[in-house]
Structure formats: C-alpha cells, structure tokens
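Comments concern the structure below.
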Amino acid sequence: MDARLRRVNKEIADCKNDKTSNIKIDLIDDSPFHLKGSFPGPEGTPYQGGTFEVDIVIPESYPFQPVKMKFITKVYHPNISSASGAICLDILKDAWSPVLTLKSTLISLQSLLCSPEPNDPQDAEVAKHYTTSKSSFDDTAVYWTQIYAGGPGPQGKKGKGTTMGKEPRDEIAIAGLERAHVEQFEALGFERSKVIDVLRRLNYRGPNVAKLSEDRVVEELLK
Amino acid sequence: MSSDYEISDDDENYYDYDEDMIDGTQDEEEEDGDMYMDTYGDDFKVAPKNKRKPYEIEYESLSQAAVEKLMQEDVEHICGIFGVDGSTAALLLRHMSWNKERLIEKYMDNPSKVLVDAGVTVKEPSSPSAPVRSHSSSNSNSNANNGRRPTRSTSKLIGLASGSKSPKIPTVSPPALRPSKPTRPTPFVCPICFDDSPDLKPLSLDCEHSFCSGCWTAYVSSKINDEAEHCIRCMAEGCALVTPDPFIRALLLVEPTEPVGEPSLQKENVATWARFQELLVRHFVASNPNLKYCPYPSCTNTVSCPGAASKASLATVVPIVSCGRRGFGITEEMSQSQPVGMGLAAKEHKFCFGCPIESDHRPVVCNVAKMWLKKCRDDSETANWIKSNTKECPQCQSTIEKNGGCNHMTCKKCKHDFCWVCMGPWAEHGTAWYSCNRFDEKGSVEARDAQSRSRASLERYLHYYNRWANHEQSAKLSVELYTKTEKKMEDMQITSALTWIEVQFMKKAVEEVEKCRTTLKWTYAMAYYLARGNEKELFEDNQRDLEKAVEDLSELLEQPIEAENIPTLRQKVTDKTVYVQKRNDIVLEDTAMGFLEGRWKWNVAVEGFDEPEKVEF
C-alpha cells in the first residue's frame, strides 16, 4: 500500500481512538487527502467554548513536506487571517518535521490560540488591535467565537453589554470598535459601513483614539 | 581554387586560419578539427599562450569536477588542522559558508559549540557533569574530548539493532513517538510510515532518532529535489543534526552487494545524488566571490574570475566570460567532440561575471548597462506615446493631452491658463479669442523654450533607444541569417569547385556580424550616458566606423550567389570580415582602455564613478 495512504489512514484511526484529546478528523469527500479537523477552543482564552474547524490538505510528498492547513471557522487572532483563515505558524513551513502528525499539528494550532504572537502577525489589523488594547481585543475575539464558533458569548458583566445576546450580527462588535465612536462619525452623515471600515483600518481603539484627531478620521472618510 | 587572393597581413589570426584551411583539405580530418578548435577558441579561451586583448579579462572555466576538487582541497586542509574526518570537515565548512579563516578562529575558540551549531554533534544537556563553557575552559580536557569526538566515523548507518553503543551523553529529549530504548526486543515501528514489517531497516544519526530507510530516502529526496536544500536535518522535530554526505550517499546509491531495488526508482535516486552534488557545488560557488556559476540552463560549469570579484573593479573592467560550453542541454562530450557543423546554432555560454546580464554587454560597464536597461524597461513605450500626444503645462510641467475643445487650455493641476498653439499665457492673447496669431510674445517664447528643452531630452533618449533596439532586433534575426547562410554555403559547394571547408568564410562573416551588432547595441547605451566632449566625439567616430563596416558586410551576405561571382564574393567577404573585426577591436579596446585610464565622464551619477561636474547632454 502507498506509504502516504497508510500513514494518513493510521493517523485518522489513531485520532478516532483517542478520546482524551478532543481532536477530531473527518473526511470531507471520498479522498483521504482532503480532511476537516476540529478542536475546542482552549480554556481560559477568548476562544473558550467554541469549536474551530480546520481545512486540511495532504500534499503528494506528505509527510516529508508539511501538511496544508487553514481555518474554516473565522477566528479573531493576530496570527490567523481574519479574511481567509490562513495560518502563520513555523511548523507549517520550514520547521515542519516528518514526525509531526495531523493530530500534533492540530494541537499546535490549539496552543497557538492560547499564545498569540502579535510581533509576527498574519493579520496586521488584528495584531494592531491586540497590541493597542488587549481587553478590547478579547471582547472582539469572544464575540467572534460566539457568532462563528458557537461560543457562549460574553460572560458576567465583562464586555460592552450592548452586544450581549443580540441576534442580528453586530458589525461594530465584529470590527472591535466602540459603538459611541461609530455613532459619532455616523452623525456627520457618513454611512455606517464606511465608518466601520475606516475606523478599523485606523485602529481607532483604546489610547489610539486620543492620537487620532477627528479631522484625520474625516479626511480618511472623504477619500 | 582561390590561392590568388590576398589578405592583409596585419590580422594574423585570420590569415593563419585561412591558410590552414586550405592545407587542411588535403590532410586528414583530424587536423581540421584541431585547427578549428584553435582558431575558434582563441578569441575567448584564456589559454596562457594566447595574448589577451585589453578588453578581455583573465578567467578560467571550471567543470563541476574541478570545483569539487577545490572543495576537496579545503576539506582536506580542515581535516589536517582539526583532526576530524572528511564529512565532518565538509559540514563545518558549509556551515561557515566556506570561510576557512572564520571557521578556524571559531573552532579554536570553542570547538564543541561550532560542532553543535553545524549540526555535527548533538547538543549536550546542561547536566552538572558538563563543564560550564567559557573561554578559559575551552582547552580543558573534557571539552577537548567532546570536540574531537569522532562522531562521523560512528554515524554510518547505525541501526537500532546494530549492537549497543558506547555509553553516551543523553541527547535532546527524544520525541515521545520513539519506542523506548530498554525494550529493544520490541519490533521496530517506523514513526513516519507506521510500517512494522520485520525486514525494515531502521537507521539513525548520532541522535538515535530511528526511522526506516525508505522514509529516510523519501525525505532526503524531497529535500534535495523539492527544496534544493543541501543542509538536511534529522527528521525528528527540533533535532538539529545534519545528515553527513556518506549517510545520504548510502541511502541513494545502492551498494553492489545489496539487492537491487526497482530500476526506475534506482535511477531516480542516482539522479537525486547527482543533484545533491550539484547543490553542494552551487553553494560553494555562491560562497566564493571569485566564482560564478554558468547561468545557462542545465549547464554545470563554473567560471573563476578573481579580476572581477570586487565591486570596485567593475568600474574599470567589463568581465565578460564564457564557461567554455556551447548550445543548450547538450552533453559535454557532444559539445566538445563536434566543434564543426553545429557551430552555427550552438551558441557559446557567454555571460557577464559582474552582473546578472546573461550576454555580452561590452564595451559598457555593468552599472551603466544596468541603468540603461532599467530606463528602457520603464520609459520606452510611454516616452514614445508622450512624445506624439502631449505637451507640458508651461507653469507646472504636468504632461497634458489635448483630447478636444479649443486652444484655451486650463491646467487641471495648477489652473494656469495658456494657449495650446503658442504655449504662451492666455491673458496675453487679449481679445484674440480662440485663435493664435501671436508668436513673439515674451511669455510664449519662454514657454516654448521650456517645452522644447523637455522635448529635446525625450528626443535624445529616443534617438539612442531606437538605434539600440534596431541592433538588438538585427542580432535576434541572426538565427534566421544563420540558416540562410548555411543554405548558401551548401549551394556554393554545389555550384562551384569550393569544398566545404572553403565556404566557411560565410559562417565566419555571419558570426562576426552578430558579435559586432552586440557591441554596437551597447555603444548606444554608453553614448547616451557619456558627457559631451572630445572623448565622446572620438567614441562616436569609432562607433560610426564600426556601424558602417557592419552594414556593408551585412549587405554582402544578403546578396544572391551566382557561380561566376563566387571567387570575388569570397574575396570581398573575407576582406570585409577582417576589416569589421578590426573595427570592433578598436571600439572595444579603446573603450576598455578609457575605463582603465578613467577617461570616460558621464552625464549622470554612476555608481563607482566620480559625480559628474555638471549635467550637460
């Protein structure tokens, strides 16, 4: 039997037998080389309670070349693209070793959620948000976990409160912005989507708000 | 036979060539070949016996084997000093990018650290037994022992079953996947392919991370073929040990005693091993500024040219070299045993040692050639369009296209009102609305002057560019000319008493034309940047003479051939070829001397030259 196929089959079987790690690997179609992995968001992080799905493609020369992975579930994290789910992680590139398995790689992704590396970002805007205001970042990540990964949402009194349990998705919370800020510029006659777009791009959050003059924002809005 | 014609004596090369040629027809074939090689080689090959022309640089062409020999010398040198075996020395040298001095210095300072960094030995855990490393303790007993541990001699394919190894300092924590060592009898399961058949051959480096030989081979092949990586680390996660050459060799090349595997697979492995050797040579060549790898596809030769190794030298020499091979993808034997016949299409592997331009850019130096190519890429098409469709605003010099409407223009950018016809300010037109009969207004004269200056610079550029492009085009068409000429040569043999070897003058002429067109092409790049003055005028005189000679010869070559004309044609072509060759030499020599003497002044700042005194075109 083809060594690659044998190895992948064994890895899938091992994962099924392992009840403790909570890592799941499923087939997407008939091919054993295109899979879907999933794992729970780690405890004590904004991703807690969510379930994160990962698209797995096994290349021809696996396991001697790294497996290709990207998030299917949208994740708010400095090292994961908020748009495409692409992942910035060394073991998926040059630090790959053939002894790593699908399971161990998924566990590495899980631990990436615990320990973001904002200095080596995949998503620069999210990374800026993280470094500017950690608490605001956490709120946004919790909200994303709630709406995209089936998380429980903000707990206790923490968070902006206004977003709690709101059914239609709150674009302001998704962008990680303050409602008051958005409304302030909306009042000048700009469209909401445009305001959100510009404020997110300018990282209009936390201490940055004081640094950005209203004129500067309006200038951007007029572009 | 045309023994009655004469060739001017001052070109010895050509004279010899022709005489020999006639003699050659009466002698054996072999001598023809030899003679051929000689006359053709002498332009470029740097055999010490040949006199080098001032515009040629001294260089040496090295085959892959010759470079491997150089590497081997370095390796042996290090072996002798450090008392390590060859593959260890090779790994150390590669780790230090073949910088022997730095390696020796670092190694003397702290051998074990260098060995660990180079991936030769495993890192020792900081156990109490290990001495704290410091400069003072680097010569202490234990450290020296570690440094000299003959790691490589033991590392040839150690199987797990190959008996117990001498007690060893524990390695980096092995991954959990590994079967624990004490339970040696348990059957080996390769942690990569999960195969557990009893005939599996487990292999490991000194770190004792064992994997089956099949996985090792697949891994090494993937690294070499897919990633072009010569520094191949152990497969275990985070293990920094590098596989030494004998290990890779044993994986890829099956020993004659062992059962031979699938023939196709075996062939692939042999190719992988060859590729690995090539990667090592490439790394060595890239690390050494005196060497450059031939950029032609699938050519594995290297050129050594110490005269052009430094950046500063590129201001005075144009290091055009040739790796000695011809054609594309032909094997060494073919290109060397068949100098005759294939010559027309099989082009020499000529390239510049100093810059990435993969052709002859003499006489102009690398930096100027680079500037010119960049300008051509950026400007040419745009410049042509701008020239024919736009004018500049007299006030802010914005480029304006008039796409309709009246002659009263208002610049979108600076709001300046002006007249499209005379370029003067609109205000001066007073009541002469929409018609311009004014010419001598001060404002409009000034505006037109500025306009014409800007136009002039464009015109000037296009003058040089068009001539450059023209020669480039002609040189490209030379392939066609080659085939045509070959046909003519055949015809000549049929219609006249001339033998094959006697019609070679045609081929020689075509080759010369192409060579000179390349020179001419680059003289236009050079002239564009040359500052105005006597030197430039002399340069352009030489350029003109060469151009005239080349065009005359080209015309001769295009002429139809009639049987009765052949002797005169041969005479004419031969004379012209000699003349063209001389003119080409003059241009190249004079320019090369000019660089050496620092005679050329530029109208722009060029890297490696003095700033121009004042910009004058």
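The values are calculated or read from the model by the stated rules, or taken from the named source; none is laboratory data. This is a predicted model, so every value here is computed, not measured. Note that we place each Cβ from the backbone using ideal geometry, even for glycine, and neighbour counts take in every protein chain shown.
Looking only at residues that are within 18 Å of A:LEU113 (Cα to Cα) and in contact with a Leu (Cβ under 7 Å, 6 or more places away or on another chain) in region A:62-86, which one is farthest from the other protein chains (Cβ to nearest Cβ)? Checking each candidate, the answer is A:HIS77.
Only one of these conditions is not met by B:SER61: (1) touching a helix residue (DSSP H, G or I) at 6+ places or on another chain (Cβ under 8 Å); (2) at pLDDT 90 or above; (3) not in a helix (DSSP H, G or I). Which number is it? So B:SER61 meets the others, but not (1).
Collect the residues in region A:62-91 that are in a loop (DSSP other than H, G, I, E, B), in contact with a helix residue (DSSP H, G or I) (Cβ under 8 Å, 6 or more places away or on another chain) and of a type outside the set (Phe, Trp, Tyr), keeping them in residue-number order. Listed by number, the residues that qualify are A:PRO63, A:GLN65, A:PRO66, A:VAL67, A:THR73, A:LYS74, A:VAL75, A:PRO78, A:ASN79, A:SER82, A:LEU89. Considered as a group, the residues in region B:216-238 that are more than 7 Å from chain A (Cβ to nearest Cβ), part of a helix (DSSP H, G or I) and at pLDDT 90 or above include one that is surrounded by the fewest Cβ atoms within 10 Å (Cβ to Cβ), and that residue is B:ASN225. Across region A:72-98, which residue is farthest from A:ALA173 (Cα to Cα) among those that are free of Cβ contacts under 8 Å to residues at least 24 places away in the same chain and crowded, with 19+ Cβ neighbours inside 10 Å? Checked region A:72-98; the qualifying residue farthest from A:ALA173 (Cα to Cα) is A:SER97. If you check B:LEU103, B:LEU91 for being surrounded by 14 or more Cβ atoms within 10 Å (Cβ to Cβ), of a type in the set (A, V, I, L, M) and touching a residue at least 40 places away in the same chain (Cβ under 8 Å), only one passes: B:LEU91. Could you say whether any residue in region B:303-319 is surrounded by 17 or more Cβ atoms within 10 Å (Cβ to Cβ), more than 27 Å from B:ARG599 (Cα to Cα) and at pLDDT 85 or above? Yes; the residues of region B:303-319 include at least one that is surrounded by 17 or more Cβ atoms within 10 Å (Cβ to Cβ), more than 27 Å from B:ARG599 (Cα to Cα) and at pLDDT 85 or above. Put simply, of A:PRO59, A:PRO42 the only residue that is in a loop (DSSP other than H, G, I, E, B) and within 14 Å of another protein chain (Cβ to nearest Cβ) is A:PRO59.
Name the residues in region A:181-223 that are surrounded by fewer than 12 Cβ atoms within 10 Å (Cβ to Cβ) and under 20 Å from A:ARG169 (Cβ atoms), would you? Residues satisfying the conditions are A:GLU191, A:SER193.
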